[in-house]
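Colleague: The structure is given below, and queries will be raised subsequently.
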Amino acid sequence: METQVQTHGPLKITADAIGILIKVLTLAWMALHLSYLLFIPFSLDELCVLHVGIGGIILTLGYIQSSLNNTSFSSPKNLLFLLYFSILFVLCIICTYYFFVNHGPILDRIGRTTFTDAAYSAMFIMTVLLICAKVWGVIIPIVIFASMAYGVFGPWFGGVLFHTGLDIPRILGYSATFYSGMFGSLAVLSAGTIVHFLIFGGLLQSCGGTVLIERVSYIIGARFRSGAAQTAVYGSTFIGTITGSTAANVATTGPLTIPMMKRNGYEPEFAGAVEAVASTGGQFIPPIMGVTAFLIAALVGVPYINICIAALLPAVVYYANLSFAVFVATRKRDIHPKVRPEDVPDYTVWDLLREHWVILLPIAVLAYYLFSGLSPGRSVIMANLSLVSFCLLQILWRALIARKGLQYLLQALATLGKNVYTGLLNGGQEAIKLGLILSAMGIIIEMFTATGFGQRLSYHVVMMGGEHMLLMVVLIALLTIFFGLGMPTPGAYLLTILMAAQALMALGFEELSIHFFVFYFAIMSAVTPPVAIAVLIASGIAKSNYWGTIKRALILAFPGFLMPFYFLYFPDVLNLQNAPLQALYLNAVLLIAMFGLTFAVEGFYLKKISPLIRLVFLGAVLATFHPEPMSTFLGALTILILMAFHYFKNRDKEGVAT
């Protein structure tokens with residue numbers, strides 16, 4: 001009884017007040033980032049301090065609120081939890097104030113760190129790492145701490161790990177005091193660009209983007225025998241253009257598509273696998289490809305729009321092949337649609353354009369400004385403003401021209417205000433979490449640079465690899481997947497690219513191809529056991545066996561593990577901007593190879609394929625991956641001939657598209 005009184009008494013009031021404070025601070029945090037891009041009221045260093053510090057304050061307040069709301073408030077474990085995050089909350093405030101207020105004096109004494117500077121840097125780094133450990137898990141903070149320890153203990157190591165050593169004040173200086181590391185390039189990228197894109201995604205979803213995507217996917221999926229599964233493929237494609245997050249993609253489309261697939265006869269494991277693999281590819285889709293795409297642009301030194309252009313055709317190949325694989329698997333299982341009235345859309349494409357133009361036009365506005373050369377941050381601000389403006393225009397049109405009356409106008413304005421508020425909060429909360437972890441990972445970059453580890457590792461890898469180029473590439477792919485099992489895509493990408501990029505470039509591979517190689521493997525770790533976060537979420541929705549779902553997902557996703565090797569050995573596959581015809585040809589060959597791989601793995605097309613023909617398909621696929629142009633051409637031609645022969649021999653009178 002005492003606990004219940006506490007929960008619904010002063011503690012409840014305090015928790016509610018903290019909840020309001022969190023929302024106010026989140027909106028103020030976003031306003032700071034907007035004001036910087038529009039008015040530049042303070043320096044970029046100061047923005048990064050506020051980006052990290054206020055973000056940490058908001059996250060610690062969230063954990064304090066959850067502790068106050070805990071029905072077991074008086075338990076020792078919960079009280080310790082409350083004390084722990086209360087201390088982190090106070091430290092965040094103190095350290096943020098110090099670095100923001102003393103910005104000028106600290107810059108004046110860069111290179112001669114005082115004891116006070118070092119103490120505040122140590123407290124700030126420790127606080128941020130502890131918060132990140134709670135939000136993202138302990139692996140990334142451990143790696144960050146290990147990189148700092150390596151800076152101290154480098155002289156104790158031998159071989160590639162040896163360096164002359166850094167004293168602790170210098171390590172703290174590179175990590176925070178000199179406004180690098182935690183306030184360095186990754187913090188700048190997060191504060192100046194990523195925040196605004198995540199806000200855009202939040203606004204799109206809250207203002208009707210999810211409804212549009214559901215309807216579009218229904219229209220596409222209802223035209224095929226495999227329509228229910230195709231809905232998952234195309235729905236996740238469209239969702240991926242907004243969220244750029246595998247977990248968010250599964251969580252958004254899965255509750256819609258997985259039950260529909262199960263109703264139409266697909267086993268739960270296959271339904272979960274289709275959704276997991278389709279959602280995993282969401283980060284491949286321009287224009288919003290998740291945080292990692294911005295990191296690629298920053299590290300390669302090209303505009304973000306160039307990354308989008310390079311990613312376009314491979315993304316089409318990924319989803320076109322997945323759609324075809326679903327078609328083949330559906331026929332193999334002899335599944336026929338069990339259409340229910342609520343599954344059949346009663347709207348046309350014109351209805352979609354008429355009802356959802358307010359969602360489509362802001363995406364076009366974003367694309368226009370990106371292509372025109374405006375910075376990504378300012379481009380997405382224009383898209384955000386256009387989204388709200390178009391929504392207002394739609395409301396006024398319906399109220400005045402369609403004469404729906406004053407009551408409709410007031411209700412619609414209230415709904416719009418609520419949607420914008422929700423979208424801002426959702427986007428801001430995601431931006432805070434990503435901003436903190438990205439800023440912390442900036443320490444790794446500084447440590448690799450300051451100790452010279454990256455350059456030495458590249459040299460040793462090249463020397464050890466010798467002529468075993470393929471073995472080295474495979475090991476780097478496995479390393480990326482390993483990192484991706486325990487951390488988000490940006491973390492896995494950064495850790496691998498910092499260690500491996502120069503070694504791969506020394507072997508003659510092109511820089512952009514290397515970054516896409518690592519990028520794809522970091523994303524594909526979402527369907528790789530034992531973690532397989534995409535499969536974990538999807539199997540929970542499907543109520544399927546986790547390992548059975550993983551098995552089906554790996555079969556469907558297998559081409560996604562081969563595509564990155566194609567990027568390395570055929571770099572023009574990413575060169576749509578400068579060599580469009582060659583890029584189109586290579587992507588067409590890649591798609592044909594993926595089709596052939598599907599036949600070899602599934603052992604089915606329109607009818608069952610014999611083991612011998614499956615081996616021929618597999619051999620032809622391997623031939624397309626050989627860097628020799630004639631081998632690539634003959635491999636693709638063989639697959640096409642076998643497909644045509646099998647089609648004309650086994651097609652039925654009903655056709656194959658139903």
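Only the coordinates and a few stated rules stand behind these numbers; no lab work does. Because the structure is a prediction, the values reported are computed rather than measured. Here the Cβ is made from the backbone with ideal geometry for all residues, glycine too, and neighbour counts use every protein chain on show.
Colleague: Which of the lysines could a cross-linker bridge to K12, judged by Cα under 25 Å and excluding same-chain residues fewer than eight apart?
Modeller: The reachable lysines, counting only those whose Cα sits under 25 Å from K12, are K23, K77, K134, K418.
Colleague: Let me ask something else about it. Toward the positive end of the charge dipole of region 56-201, about the Cα centre and with charges on Cβ (Lys, Arg +1; Asp, Glu -1), which of P76, A133, G62 goes farthest?
Modeller: P76
Colleague: Moving on to the next point. Which FRET efficiency value, to the nearest 0.05, do you get for F145 and L44 by plugging their Cβ-Cβ distance into 1/(1 + (r/R0)^6) with R0 = 35 Å? Don't skip to the answer; put the middle values down first.
Modeller: Values: r = 26 Å, r/R0 = 0.76.
In this case the efficiency is close to 0.85.
Colleague: Something else now. Determine the relative contact order of the chain: mean sequence separation of Cα pairs under 8 Å and six or more apart, normalised by residue count, in whole percent. Before the final figure, lay out each step's value.
Modeller: Values: 960 pairs, mean separation 112.2, N = 658.
Relative contact order, the chain: 17 percent.
Colleague: Using a basic spin-label model with each label point 7 Å from the Cα along Cα→Cβ, how many nm lie between E355 and M505?
Modeller: It works out to 5.1 nm between the two label points.
Colleague: Starting from the eigenvalues of the Cα gyration tensor, five times each then square-rooted, give me the equivalent ellipsoid semi-axes of the chain, largest first, whole Å. All intermediate terms of the calculation are to be shown ahead of the outcome.
Modeller: Numbers: eigenvalues 350, 235, 111 Å².
The equivalent ellipsoid of the chain has semi-axes of 42, 34, 24 Å.
Colleague: Placing unit charges on C-beta atoms (Lys and Arg positive, Asp and Glu negative, everything else neutral), compute the dipole magnitude of the chain about its Cα centre in debye, rounded to 20. Mind dumping the intermediate values first?
Modeller: On the way: 34 positive and 27 negative charges, 322 e Å.
Dipole size: approximately 1540 debye.
Colleague: Using only DSSP helix segments of four residues or longer, with each worth -39500 (n - 2.57), what per-residue ellipticity at 222 nm results for the chain after dividing by its residue count and rounding to 500? Walk me through the numbers on the way to the answer.
Modeller: On the way: 28 runs with 496 residues, N = 658.
For the chain, the value works out to -25500 deg cm²/dmol.
Colleague: Here is a follow-up. If you take the square roots of the eigenvalues of the alpha-carbon gyration tensor of region 186-442 and sort them as a ≥ b ≥ c, do you get rounded (a/c under 1.5), prolate (a/b over b/c) or oblate? Can you show the working numbers first?
Modeller: Details: a/c = 1.96, a/b = 1.14, b/c = 1.72.
In terms of gyration-tensor shape, oblate.
Colleague: Quick query: amide H of F604 versus all other amide H atoms, modeled in the peptide plane; which residues come in under 5 Å with a sequence gap of 5 or more or a different chain?
Modeller: For F604, whose amide H was placed from the backbone, the distant partners under 5 Å are I609.
Colleague: Under a point spin-label approximation (7 Å from Cα along Cα-to-Cβ), what is the S375-L612 distance to one decimal in nm?
Modeller: Distance between label points: 6.5 nm.
Colleague: Counting GluC sites (Glu not before Pro) as exposed when in a DSSP loop with at most 10 other beta carbons within 10 Å, what is the longest stretch of the chain free of them? Numbers along the way, then the final one.
Modeller: On the way: sites that count: E467, E654.
After excluding every exposed loop site, the longest remaining stretch is 1-466.
Colleague: Calculate the FRET efficiency for A119 and L385 from the Cβ-Cβ distance with a Förster distance of 56 Å, rounded to the nearest 0.05.
Modeller: Details: r = 43 Å, r/R0 = 0.77.
About 0.85, to the nearest 0.05.
Colleague: May I ask for the Kirkwood hydrodynamic radius of region 446-602, worked out over all distinct Cα pairs and given in angstroms to one decimal?
Modeller: Numbers: mean 1/r = 0.0590 Å⁻¹.
With all distinct Cα pairs of region 446-602 included, I get 17.0 Å.
Colleague: Number of Lys-Lys pairs in region 532-654 under 19 Å by Cα, sequence gap 8 or more or different chains?
Modeller: Numbers: K543/K551; K607/K649; K607/K653; K608/K649; K608/K653.
For region 532-654, the number of qualifying lysine pairs is 5.
Colleague: When the gyration tensor of region 2-142 is built from Cα positions, what are the square roots of 5 times its three eigenvalues, in whole Å, from largest to smallest?
Modeller: Numbers: eigenvalues 204, 72, 29 Å².
Value: 32, 19, 12 Å, ordered largest first.
Colleague: Work through the residues other than L568 whose Cβ is under 14 Å from its Cβ and net out their charges, Lys, Arg +1 and Asp, Glu -1. Kindly include the intermediate steps, with their values, before the conclusion.
Modeller: Working: positive: none; negative: E510, E511, D572.
After counting each charged neighbour, the total is -3.
Colleague: Going by a ≥ b ≥ c, the root eigenvalues of the Cα gyration tensor, does region 367-435 fall in the rounded group (a/c under 1.5), the prolate group (a/b larger than b/c) or the oblate group?
Modeller: Working: a/c = 5.78, a/b = 1.61, b/c = 3.60.
Since a/c reaches 1.5 but b/c is at least a/b, the shape of region 367-435 is classed as oblate.
Colleague: Report the full-extension gain for the segment S86 to L409: residue separation times 0.36 nm, less the Cα-Cα distance, to one decimal in nm.
Modeller: Details: separation 323, 0.36 × 323 = 116.28 nm, distance 4.48 nm.
Between S86 and L409, full extension yields 111.8 nm more.
Colleague: What's the longest uninterrupted piece of the chain once you rule out the chymotrypsin sites (Phe, Trp or Tyr not before Pro) that are loop residues per DSSP with at most 14 other Cβ within 10 Å?
Modeller: The longest such stretch corresponds to 348-658.
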